[in-house]
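See below for the structure under consideration.
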Amino acid sequence: GVVTAKILGMDFLDSDVFIQNNENRKLQEIINKDGTESFLETECKNILKIDVKNTVIATGGSVVLKDEAMKHLKKGAITVFLDVPLYDLKKRIYNTSDRGIAMKDGETIDDIYRIRRPYYKKYADITVKTGHMSSRTAVGNQDYGRTALCSVIKQVSVTYEVIFAYTNGQLKYNEAKK
């Protein structure tokens, strides 16, 4: 997300950090103390507070589980699903016990992928199959990232699965190439 914001000359907002700052607790603390369902409500409540323009927003992967949050994020935005193979996600997400991932007891990365993937597809305006590329490579690479993404949309942001960006319609591809 940060790399994308730099490429596009935009501000950057990490929704997980936004939630932690508003709640004065780490994500994992919220999940451990209040439970997964309560965390999802807290996440949604905080997403609804986001009101920015020309800002790349990197969201946590669980935001897609709340329709109200997604409708809010999609207002004036384009959502992009970076379709990362499960094998690659499992290599990236190795510490689920303290990372702040909204998982129910007994759920695995495989379960989360199976449950959330249809939502990522549902809410995505654009899907980019990353193959075995990292998200950073897919978006930041001069040839692939700018050509495949910036020429199609005005702004993007990276998380593991879904990416969001707000626009006021002023950014053009030529400006993004700077």
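The values are calculated or read from the model by the stated rules, or taken from the named source; none is laboratory data. For clarity, every value in this text was computed on a predicted model and none was experimentally measured. Cβ placement follows ideal geometry from the backbone for every residue including glycine, while neighbour counts extend to all protein chains displayed. Calculation scope for accessible area: heavy atoms of the full protein, side chains included, ligands and nucleic acids excluded. Shrake-Rupley method; radii C 1.70, N 1.55, O 1.52, S 1.80 Å.
Would you say residue 54 is modelled with pLDDT under 85 and surrounded by 14 or more Cβ atoms within 10 Å (Cβ to Cβ)?
Yes.
Could you please let me know if residue 49 is open to solvent by 20 Å² or more (accessible area, probe 1.4 Å) and under 19 Å from residue 128 (Cα atoms)?
It is false that residue 49 is open to solvent by 20 Å² or more (accessible area, probe 1.4 Å) and under 19 Å from residue 128 (Cα atoms).
Looking only at residues that are assigned to a loop (DSSP other than H, G, I, E, B), at pLDDT 85 or above and not small (Gly, Ala, Ser) in the range 102-133, which one is surrounded by the fewest Cβ atoms within 10 Å (Cβ to Cβ)?
Checking each candidate, the answer is 105.
Which residue is farthest from the chain's Cα centre (by Cα), if the candidates are limited to the range 3-23 and must be in contact (Cβ under 8 Å) with a residue 40 or more places away in the chain and open to solvent by 40 Å² or more (accessible area, probe 1.4 Å)?
9
Could you tell me how many of the residues in the range 78-92 are open to solvent by less than 30 Å² (accessible area, probe 1.4 Å) and farther than 15 Å from residue 120 by Cβ?
Adding up the residues that qualify gives 0.
Which residue is farthest from residue 79 (Cα to Cα), if the candidates are limited to the range 24-46 and must be of a type outside the set (A, V, I, L, M, F, W, C) and open to solvent by less than 40 Å² (accessible area, probe 1.4 Å)?
My answer is 35.
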